[in-house]
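Below is one structure, written out as structure tokens, with a few remarks after it.
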């Protein structure tokens, strides 16, 4: 079976080179479209290429002779089908390199691994916002609130906030399971934060607090997808949580392409075309995913475009799944974040006629509290009986973690002018956001200076997604190495520089184009060295493969 | 559709009364076995009764005329099928009562709602272990470690432990995503704790840290279940996470009955019988779930019995899914907790020939840190390629929350003799466990004193699961109220006393028998009042319905 996949993989790479037009499905050069059928895992045309490639990377691991009951042949094929490149093969290689670096420093042309693969700011030295951590510590160890020394150690408003939060928790028990949707008082705070942001009412009963945004996305996919006949319109390129979650829940990803030439623009005409094509194949499209600001593409949608998207969903009977986790991350003066809730309400669409789920997370923004796993979804425009089902799904896992819940309330209600922490909080916040903007600009310019690379600006989010025109000889070398060409480039980059980026194939891209995603998150003092190493590597790579 | 379900529900209750023998499937009186087929949600014979009952409780909520895209008819039927009684209808009623009590105190014969429905100790006044919370606060707000006042506020070993933990986290960044399986240093600590517990080696690479045990269970179900042709052997009664998770992932629950007459004994002969019966129906049974100490049944397995279970799984090629979250909760001198890992290893079964997943949680034990959502699974006896798939599934959600990860390491490595906190820690721990034992005994005796009630002892865990012989007139009244008889009893109990317990039908029970689950968790000073109210209610209930 492994050998079979290996030869298929080679075939796929061959085909990839021959398909240079936009395809109807985001990874057209796939076996079920143009090759003999593969066994189970590949039944759907929406499997991504790299699964077959990465399966071949460890052929010695076959355990077919063991007496163990679980094998690749008898597990859920949806699991096999699922992909998550952000923590995929290249990251595994990087982790091994990092381990080896400890004892074997001289063997490498670099001192450290720089993880630009994932939006994980604090792993790269960003400090947490002090006010948030003060409140968390006081809520964790509440007897601090009875000690006089505490007033010297904590800001007054952190102490006040901790009391206020504890007063909303029955018995002040931060160690108890909460209501399945999260602590009511925290949801009140979040709803008030949404109202202040949008200028339209928000209902605390619409808020479902979750362990980061990912479980919320899974919950909606599980609700909406019954079989591969149910489809979800997803941007290509996309954050692979969506393709992974759709695969795990057995639905079909219906791709729509963001237009790189217009700064990753979203064309309603393309949405319509893809929707109709999916329908003609018997797929019932249930929802449209929009990631704004974009991941991995970094664009910020214009309000007019958002209105068209809302009208499209309304007209076509689609749920709008709005990934708005980067709402605080906008870096250019000519763009502004507008929530889809605000856009829909200002068009007059409301609870009775427009189904919208907005995802938010404590992992992004200026706070970057990834390890806390806090987040929420605001669920509007669902009938009461369907909402009961969502509540039931939330109940099966009891509740999300309370520290994450508290943090989600804090990011939607940070210190205000006059508060003890306000000045220092604003300095931390603005320092982080302006530095991110600077880093985005520097990296974007550096990438655009490289031969064969073009990079749209990062208007928001935390990523750049440059396109790289690879020489034919590099593509052939990748093929010989049984690797997708962009993965080949990224592996070479890692081995030469210690910089970890993710191949575009993990996000989806127009067939025949190659990209990688690079975060803007290394600290400012590291950026010049990264630019130098990247530039030097790229030159030598191009020299090696130039025709 | 709602009206249709309502009349079906009535039919189900009628049938329930006629089926008083052990059934091949845990809820035999179900439509697909003996009634005309219901639409989608009821396609499988393993749907539970209460879904149809609760659907009828809110007939006014019909939104069929709305223009919203999502309806009960077009969501994933697996979601409809899923049940979670621990937070089901009775808890919803209780929450409404609690809300109403605030303003309408005189309308009720009780002052407060006492939640005995869920193992949530801190919601009922149990205090967190101080050492654990000190370490968490220091890891949340690490700059405390630089302040001199901290030494007056925190114990020395908590400060040492916080430093030790921070040193294992790259960059000391508790706000960063960790390795998908959890921070390696914490997994080292947990593996060492398992080794100390069992006397057999444990590998940190086998540990997957999760947001409580529930996501770990979901992950294994998602891995093992491809369709309803895949089955999981589950105890009846069971903790409804299992039935819910099997339903959500589209598999079949293959029930085996615990024998109430022998203190909820687990008979290998019954396992064999159920396995063979399932196989004869074309179901491939993938795993056996064992909950030890038992939930909701409170029994602690004997080592000899555990050996037989291990041998049975080995022989039949089943994964053993060992729910061991109550491993610290054993209350009787004649029983002791033995991990299945230890039992398997002492039989000579190891990594190469025995697939075992053990689940642990920070929510139970003497710590009861439910709100922190920490836990882990130890995965042994899986081939490396299958483990890669489990790793990938863990990666899709990035990682579990870091506070929960830290806490999981703390409960597996608490203060040791000589540590600054040791004496106070032991006093807290022993105080909680001995009080739990006392409360279990008092409640068990009180229940056994009631007419028609018999209750096995709670050897461990946090629950009593008494059987109640309901008078025929009560069963008829339940039928008239379109409610299962045990739910009828529990609702009456709630309305008369404010005490919330969960009907046995939420856990599964031998058809024709009725039970409820009651936690042992109210604080000791509340127990006499609970016993009085329960006794008084029960007498008047029996007087009302006595024939």
If you check residue A:419 against the conditions, is it free of Cβ contacts under 8 Å to residues at least 40 places away in the same chain and out of contact with any strand residue (DSSP E or B) (no Cβ under 8 Å at 6 or more places or on another chain)? no
With respect to the numbered conditions (1) assigned to a loop (DSSP other than H, G, I, E, B); (2) more than 14 Å from chain B (Cβ to nearest Cβ), which one is the sole condition not fulfilled by residue A:443? (1)
Going by what's in this entry, would residue B:342 be described as assigned by TED's automatic domain parsing to the domain that holds residue B:236, in a helix (DSSP H, G or I) and in contact (Cβ under 8 Å) with a residue 12 or more places away in the chain? yes
Scanning segment B:148-158 for residues that are part of a helix (DSSP H, G or I), more than 7 Å from chain A (Cβ to nearest Cβ) and over 34 Å from the mean Cα position of the chain (by Cα) gives B:150, B:151, B:156
Looking at A:138, A:68, A:145, which one is surrounded by 15 or more Cβ atoms within 10 Å (Cβ to Cβ), in a loop (DSSP other than H, G, I, E, B) and without any contact (Cβ under 8 Å) to a residue 40 or more places away in the chain? A:68
Of the criteria (1) farther than 17 Å from residue A:459 by Cβ; (2) within 14 Å of chain B (Cβ to nearest Cβ), which one residue A:277 fails: (2)
So, residue B:464, is that one under 13 Å from residue B:237 (Cβ atoms), touching a residue at least 60 places away in the same chain (Cβ under 8 Å) and surrounded by 22 or more Cβ atoms within 10 Å (Cβ to Cβ) or not? yes
In segment A:345-390, what count of residues is obtained for those that are in a helix (DSSP H, G or I) and in contact with a strand residue (DSSP E or B) (Cβ under 6 Å, 6 or more places away or on another chain)? 0
Selection count, segment A:69-82, where residues are under 27 Å from the mean Cα position of the chain (by Cα) and more than 8 Å from every other protein chain (Cβ to nearest Cβ): 1
So which residues in segment B:494-508 are modelled with pLDDT of 95 or more and part of a loop (DSSP other than H, G, I, E, B), if there are any at all? B:498, B:501
(1) in a helix (DSSP H, G or I); (2) more than 8 Å from chain B (Cβ to nearest Cβ); (3) within 27 Å of the chain's Cα centre (by Cα): which one isn't true of residue A:123, the others all being true? (2)
Scanning segment A:369-388 residue by residue, those under 20 Å from the mean Cα position of the chain (by Cα) and at the interface with chain B (Cβ under 7 Å from one of its Cβ atoms) turn out to be A:369, A:370, A:371, A:372, A:373
Search result, residues across segment B:167-221 that are within 12 Å of chain A (Cβ to nearest Cβ) and touching a strand residue (DSSP E or B) at 6+ places or on another chain (Cβ under 6 Å): B:181, B:182, B:209, B:210, B:212, B:213, B:216, B:220
Let me confirm something: among B:338, B:349, which residue is surrounded by fewer than 24 Cβ atoms within 10 Å (Cβ to Cβ) and away from chain A (no Cβ under 14 Å)? B:338
Could you identify the single residue in B:112, B:99 that is more than 20 Å from the chain's Cα centre (by Cα) and outside any loop (DSSP other than H, G, I, E, B)? B:99
Of the candidates B:310, B:325, B:290, the one satisfying the condition of being in contact (Cβ under 8 Å) with a residue 40 or more places away in the chain, in a helix (DSSP H, G or I) and more than 10 Å from chain A (Cβ to nearest Cβ) is B:310
Inside segment B:391-433, can you point out the residues that are away from chain A (no Cβ under 14 Å), part of a helix (DSSP H, G or I) and within 24 Å of residue B:214 (Cα to Cα)? B:409, B:433
Take the residues in segment A:293-304 that are in contact (Cβ under 8 Å) with a residue 40 or more places away in the chain and more than 14 Å from chain B (Cβ to nearest Cβ), then tell me which one is surrounded by the fewest Cβ atoms within 10 Å (Cβ to Cβ). A:303
Helices (runs of 4 or more DSSP H) completely within segment B:213-287 that count 2 or more residues being touching a residue at least 60 places away in the same chain (Cβ under 8 Å), under 19 Å from the mean Cα position of the chain (by Cα) and buried (at least 21 other Cβ atoms within 10 Å of the Cβ): B:213-224, B:240-248
Please verify whether segment B:173-187 includes one or more residues that are farther than 22 Å from residue A:370 by Cβ, at pLDDT 95 or above and part of a helix (DSSP H, G or I). no
How many of the residues making up segment B:530-547 are surrounded by 15 or more Cβ atoms within 10 Å (Cβ to Cβ) and without any contact (Cβ under 8 Å) to a residue 24 or more places away in the chain? 0
Quick check: is even one residue across segment A:509-521 in a loop (DSSP other than H, G, I, E, B), within 29 Å of residue A:120 (Cβ to Cβ) and free of Cβ contacts under 8 Å to residues at least 24 places away in the same chain? no
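The values are calculated or read from the model by the stated rules, or taken from the named source; none is laboratory data. This structure is a prediction, so every number in the text was calculated from the model and none was measured. Cβ atoms come from the backbone with ideal geometry, glycine included; neighbour counts cover every protein chain shown.
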